[in-house]
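Throughout, read-outs are computed from the coordinates displayed, never taken from laboratory work. All values derive from a computational prediction rather than experimental measurement. As a convention, Cβ positions derive from the backbone with ideal geometry for all residues, glycine included, and neighbour counts pool all protein chains shown.
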Amino acid sequence: MHPAQTLIAGSPGEFNWGGAATTSFFIDPAEELITIFMTQVLPSSAYPLRRELRTMVYAAITESNL
């Protein structure tokens with residue numbers, strides 16, 4: 001409900017899921033954004049790929065994209 005408190009990019013109402021081998025998806029209705037990330041990295045805590053992906057996706061959103 002409060003993405004700013006998590007220090008992770010996102011919008012209120014977003015939902016996501018993370019799998020065992022670092023696979024993940026997140027859906028942000030406010031940004032009309034769906035991201036699906038398929039990989040095979042075990043353990044999923046080996047490297048912060050999900051956080052880096054999310055940061056890059058939200059950094060790429062600009063008003064000129066609209």
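Would you mind checking which residues have amide H under 5 Å from Leu33's amide H? H placed 1.01 Å from N; only 5 or more apart, or other chain.
Sorted by chain and number, the residues that satisfy this are Asp28.
Between Phe15 and Thr35, with labels modelled 7 Å along Cα→Cβ, what's the label distance in nm to one decimal, could you check?
1.9
Could you point to the residue in Thr39, Ala60, Pro12 farthest towards the positive end of segment 3-65's charge dipole, with +1 and -1 charges on the Cβ of Lys/Arg and Asp/Glu respectively?
Checked the options; the winner is Thr39.
Quick one: what are the phi-derived ³J(HN,Hα) couplings along segment 18-33, Karplus 6.51/-1.76/1.60 with θ = phi - 60°, whole Hz, x for glycine and proline?
x, x, 5, 9, 6, 5, 6, 8, 9, 10, 10, x, 5, 9, 6, 10
What nm value, rounded to one decimal, do you get for the distance between Phe25 and Leu42 when each label is placed 7 Å out toward the C-beta?
2.3
Can you give me the relative contact order of segment 3-65 as a percent, contacts being Cα pairs under 8 Å and 6 or more apart?
Working: 77 pairs, mean separation 17.5, N = 63.
28 percent.
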